[in-house]
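Notes follow once the structure below has been shown.
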Amino acid sequence: MSEGSPYLTEEHEVFRGAVRAFFKKEIVPYAAEWERRRHMPRSAWHAFAAEGLLGLNHPASAGGAEKDFFHSVVFLEELGRIGFGGVRFAVALHAYMGTSYLATNGSPALKERYLRPAVAGDLIAALAITEPQAGSDLAGLAATAVEDGDDLVIDGEKRFIVNGSFADFYVTAVRTGGPQVRSLQGDLSLVVVDRTAEGVQVLPNDSIAWRASGMADIGFRGVRVPKENMIGRRNSGFVQIMKNMQLERLAAGISAVGDAANTLDITWRHLKRRGMFGSTLSAKQAVRHTMADLLTEVEATRALAYHAAWSYARDPLSITACSMAKLKATEVARTVAEECRHLHGAEGFRDGADIVRIVHDAQAATVAAGASEVMRDIVVQSGYEEFH
Ligand SMILES: Cc1cc2nc3c(=O)[nH]c(=O)nc-3n(C[C@H](O)[C@H](O)[C@H](O)COP(=O)(O)OP(=O)(O)OC[C@H]3O[C@@H](n4cnc5c(N)ncnc54)[C@H](O)[C@@H]3O)c2cc1C
């Protein structure tokens, strides 16, 4: 595959082989059980860490591998390919979303206390932004952190937090400027909160998607954290979120390409096994054309996602490219999942069937990390500025 690729070298393909072998041996055999339990055990996190997969681009000073970004592209694509959205997003959120704020803006002390152990798989990260009244529109965020002596006192509610039930710390968006200066850009900050801190309430969320990620709703009731737990400057949260969101969206897009490719693979295997009117379902021209169209869509989407990754590697603020990749790849993965469910017949509606989980997981990916409508708004705003 790397032959002639403008993006991938032989080294990347060797890495892909190692990642695939790791997933086959250490993750896929157990993932269905983790989905049932809505939990990924610590041993799994340590297994990822032992392969160096929790800090591929993180600095060596924090235990990271400082690889080029296409190692992450390969990893995320293969992570999507395992076909378990819960595992995919638990790990992607930890490695590319929660910890990326610490890597880019964390103080040396925060890096030592949280980032290094997170890269080693000893601590698990979550990112707590969404609230009951604020999802797509961050202007509605209401959680607060008020200074009191050497501490910040945090109050508020967070919703749909991946890794929420078993994470060790939450990178949490809070208002720090007081009501008189409340505005979207003005007074958001990011603070690290330990799950075990007094006043943190964790309520498991019975999501039908991404089950192994242990999604939870989190309450903060007068939670005290030292002021040093603030990531970056006070009131710099909005700028940090805007920067890190590009990586989050790109990671969602790249892993969706792998997810769609896996859905096609398992569906093709099903079609070849399924006897039908004297041959197999895979021999029917209508079915073959559907599969050809879906395969072409996935291949086109991979090209877009790789191009976005290339843009991101040159400029981490490639907003248009990252938003397009997230939009297109998660929508294609959803279409592929829904079409493939149809090709599974009644099996596509049996609770517990792989294809059912895949449909739910793919549908959720078009909402999480920014709904498709939000991506379209960004693409039309930033795209025309960038392209014309
Ligand atoms: C599986 C999953 C995991 C998640 N994990 C996390 C996490 O770890 N941390 C975290 O902080 N949050 C997380 N979220 C929350 C996620 O970020 C929000 O769901 C997302 O931002 C959308 O917000 P909302 O659900 O409040 O929907 P709303 O903002 O209420 O939007 C509802 C719907 O309105 C439509 N819509 C939105 N904006 C527009 C627009 N401008 N124009 C037209 N239509 C629009 C879209 O169809 C959207 O789905 C997760 C969500 C899911 C589904």
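The values are calculated or read from the model by the stated rules, or taken from the named source; none is laboratory data. Here the structure is a predicted model, which is why all the values come from computation and not from measurement. Here the Cβ is made from the backbone with ideal geometry for all residues, glycine too, and neighbour counts use every protein chain on show. To get the accessible areas, we keep the full protein, side chains included, count just its heavy atoms, and leave off ligands, DNA and RNA. Shrake-Rupley method; radii C 1.70, N 1.55, O 1.52, S 1.80 Å.
The modelled label-to-label distance for the pair Arg224/Glu338, using points 7 Å beyond Cα in the direction of Cβ, is 5.2 nm.
Mind checking the full-extension length gain between Arg288 and Val239? Use 0.36 nm per residue of separation minus the Cα-Cα distance, one decimal, nm.
Working: separation 49, 0.36 × 49 = 17.64 nm, distance 4.73 nm.
Full extension of this stretch gives 12.9 nm more.
In terms of its C-alpha gyration tensor, region 48-160 comes out oblate, because a/c is 1.5 or above while a/b does not outweigh b/c.
Projected label points at Lys272 and Ser372, each 7 Å from Cα along the beta carbon direction, are separated by 3.0 nanometres. Length gained on full extension, Ala32 to Leu295, computed as 0.36 nm times the residue gap minus the Cα-Cα distance: 92.1 nm. For the chain, the alpha carbon convex hull comes to 139 Å³ per residue, rounded to a whole number. Of the residues Val192, Gly64, Val202, the one whose Cα sits farthest towards the positive end of the charge dipole of the chain is Val202 (charges of +1 on Lys and Arg Cβ, -1 on Asp and Glu Cβ, taken about the Cα centre). Element breakdown for the chain at a 1.4 angstrom probe: carbon and sulfur atoms account for 53% of the accessible area. Here the sum of -39500 (n - 2.57) over DSSP H runs of 4 or more residues, divided by the residues of the chain, equals -15500 deg cm²/dmol at 222 nm, to the nearest 500. Using C-alpha pairs below 8 Å separated by at least 6 residues, the relative contact order for region 126-235 is 32 percent. Note on Thr280/Glu347: beta-carbon distance plugged into 1/(1 + (r/R0)^6) with R0 of 22 Å gives a FRET efficiency of 0.90. Computed over the chain with a Gaussian network model linking Cα atoms closer than 10 Å, the most mobile of Arg37, Arg314, Arg16 is Arg314.
Spin-label model, Ala139/Arg314: points 7 Å from Cα along the beta carbon direction are separated by 3.4 nm. Pick from Met324, Met375, Met276: which is most flexible by mean-square fluctuation in a GNM of the chain where alpha carbon atoms under 10 Å apart are linked? Of Met324, Met375, Met276, the Gaussian network model singles out Met276 as fluctuating most. Surface analysis of region 124-262 yields an accessible area of 37 Å² per residue, using protein heavy atoms and a 1.4 Å probe. What shape does region 238-387 take by its C-alpha gyration tensor, where a ≥ b ≥ c are the square roots of the eigenvalues and a/c under 1.5 counts as rounded, a/b above b/c as prolate, and the rest as oblate? Prolate.
Taking 21 Å as the limit for the C-alpha separation, the pairs Lys25/Lys111; Lys111/Lys243; Lys243/Lys326 exceed it in the case of Lys25/Lys111.
With a ≥ b ≥ c the root eigenvalues of the C-alpha gyration tensor of region 126-235, is it rounded (a/c under 1.5), prolate (a/b larger than b/c) or oblate? Please list the in-between numbers first.
Details: a/c = 2.13, a/b = 1.39, b/c = 1.54.
In terms of gyration-tensor shape, oblate.
A dipole drawn for region 238-387 from +1 and -1 charges on Cβ atoms has a positive end, and of Val367, Val379, Ala261 the residue lying farthest that way is Ala261.
Pulled fully out, how much extra length does the chain show between Ser61 and Ala18, if you take 0.36 nm times their separation in residues and subtract their Cα-Cα distance?
13.0 nm
Kirkwood hydrodynamic radius of region 173-283, from the reciprocal of the average inverse Cα-Cα distance over all distinct pairs: 18.4 Å. Between Gly17, Gly63, Gly121, the GNM of the chain built on Cα springs shorter than 10 angstrom shows Gly17 fluctuating the most. Short-range pairs are left out: with C-alpha atoms under 8 Å and at least six residues apart, the relative contact order of the chain is 16 percent.
May I ask you to order 141-148, 363-370 by the average number of other C-beta atoms within 10 Å around their residues, highest value first?
On the way: 141-148: 18.1, 363-370: 21.1.
Highest-to-lowest ranking by the protection proxy: 363-370, 141-148.
Which GluC sites (Glu not before Pro) in region 1-87 pass both tests, a DSSP loop state and at most 14 other beta-carbon atoms within 10 Å? Provide the component values of the computation, followed by the final result.
Numbers: sites: Glu3, Glu10, Glu11, Glu13, Glu26, Glu33, Glu35, Glu51, Glu66, Glu77, Glu78; in loops: Glu3, Glu51, Glu66.
Filter output for region 1-87: Glu3, Glu66.
Would you work out the charge dipole size for region 10-125 about its Cα centre, treating the Cβ of every Lys and Arg as +1 and the Cβ of every Asp and Glu as -1, and quote it to the nearest 20 debye?
Values: 14 positive and 13 negative charges, 101 e Å.
Roughly 480 debye, rounded to the nearest 20.
Rounded to whole Å, give me the distance from the Cα center of region 116-140 to that of region 284-344. Cα centroid to Cα centroid, the span is 26 Å.
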